[in-house]
Amino acid sequence: MTEAKKNRLLKKINTLKGYLRKEKSTYGAIHDGSGDRYNIAELYYELGDYQKTNRYLNWFDKNFPDDEKYAYFDLGAAVTKFELGKLEEAKKLTVYLNSYNTYLIDLLVGEAIKDQDKYEWIPAESLAWMKEQLLDHQQLLTVKYLTWLTQFSKEDLYIKWYNKLIAIQKLLKDLSASDERTKLLKAKRQCIKDWKDAM
């Protein structure tokens with residue numbers, strides 16, 4: 001990346017941060033209806049400065065602890081943590097990617113996959129959607145992270161929890177609103193939590 005491009009990215013980041021500071025000084029809190037806080041993270045990912053990115057992610061989590069994120073955001077965060085040697089955090093973030101789309105990691109590491117014929121709440125959980133978005137996600141990767149991810153996704157513990165998650169989602173498919181569906185949705189969320197805790 002050229003210095004000129006780095007400077008453009010930093011200038012844009014500073015502009016967006018300025019909007020957030022102004023909002024906080026005006027209203028006493030940051031509401032950020034335009035999503036600038038997410039855009040800043042994506043600009044940091046593009047910048048490739050993992051120290052600065054990590055500082056921003058820590059600020060983000062402190063100020064927006066309950067925010068819903070998305071696969072691109074958490075993949076960038078996982079790569080950042082990995083590149084800084086924060087392996088435990090990288091593992092947990094990587095595992096959590098499966099809560100967004102269970103095909104993403106296999107696609108990233110080049111596994112041959114087919115549709116899993118399971119419950120998918122929104123189109124972003126589907127194989128077709130992830131294939132369309134794959135190039136953007138691949139651009140977040142580093143060679144070292146991809147090498148590690150390929151090995152991590154083949155570990156017995158990873159495969160065990162991954163298969164458990166898919167099994168739950170298969171049971172959910174075509175279920176209408178019921179106590180059983182509610183119980184399985186809870187089991188899906190618990191599976192991801194327990195999987196992260198097992199790392």
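The values are calculated or read from the model by the stated rules, or taken from the named source; none is laboratory data. From a predicted model like this one, the values you see are computed outputs, not experimental measurements. Note: ideal-geometry Cβ built from the backbone for every residue, glycine included; neighbour counts use all protein chains shown.
What the table below lists for this structure:
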| item | result |
| --- | --- |
| Only one of L135, L107, L127, L97 that is surrounded by 15 or more Cβ atoms within 10 Å (Cβ to Cβ), among the aliphatic types (A, V, I, L, M), closer than 21 Å to G48 by Cβ and under 17 Å from the mean Cα position of the chain (by Cα) | L97 |
| Boolean, G18 is over 20 Å from M199 (Cα atoms) and either in a helix (DSSP H, G or I) or of a type in the set (V, I, T) (or both) | yes |
| Region 93-127: number of residues that are closer than 15 Å to N163 by Cα and among the aliphatic types (A, V, I, L, M) | 5 |
| Residues of region 1-28 satisfying the condition of being more than 15 Å from A41 (Cα to Cα) and either over 26 Å from the mean Cα position of the chain (by Cα) or of a type in the set (A, V, I, L, M) (or both) | M1, T2, E3, A4, N7, K22, E23, K24, S25, T26, Y27, G28 |
| Region 171-198, residues that are farther than 16 Å from N101 by Cβ, free of Cβ contacts under 8 Å to residues at least 60 places away in the same chain, assigned to a helix (DSSP H, G or I) and charged (D, E, K, R) | D179, E180, R181, K183, K186, K193, D194, D197 |
| Pick from region 1-40, criterion among the acidic types (D, E) and surrounded by 15 or more Cβ atoms within 10 Å (Cβ to Cβ), ranking: farthest from Q51 (Cα to Cα) | E23 |
| Which numbered condition V79 misses (of (1) in contact with a helix residue (DSSP H, G or I) (Cβ under 6 Å, 6 or more places away or on another chain); (2) at pLDDT 95 or above; (3) more than 20 Å from S153 (Cβ to Cβ)) | (3) |
| Filtered residues of region 1-58 (kept if touching a residue at least 12 places away in the same chain (Cβ under 8 Å) and among the β-branched types (V, I, T)) | I13, I30, I40, T53 |
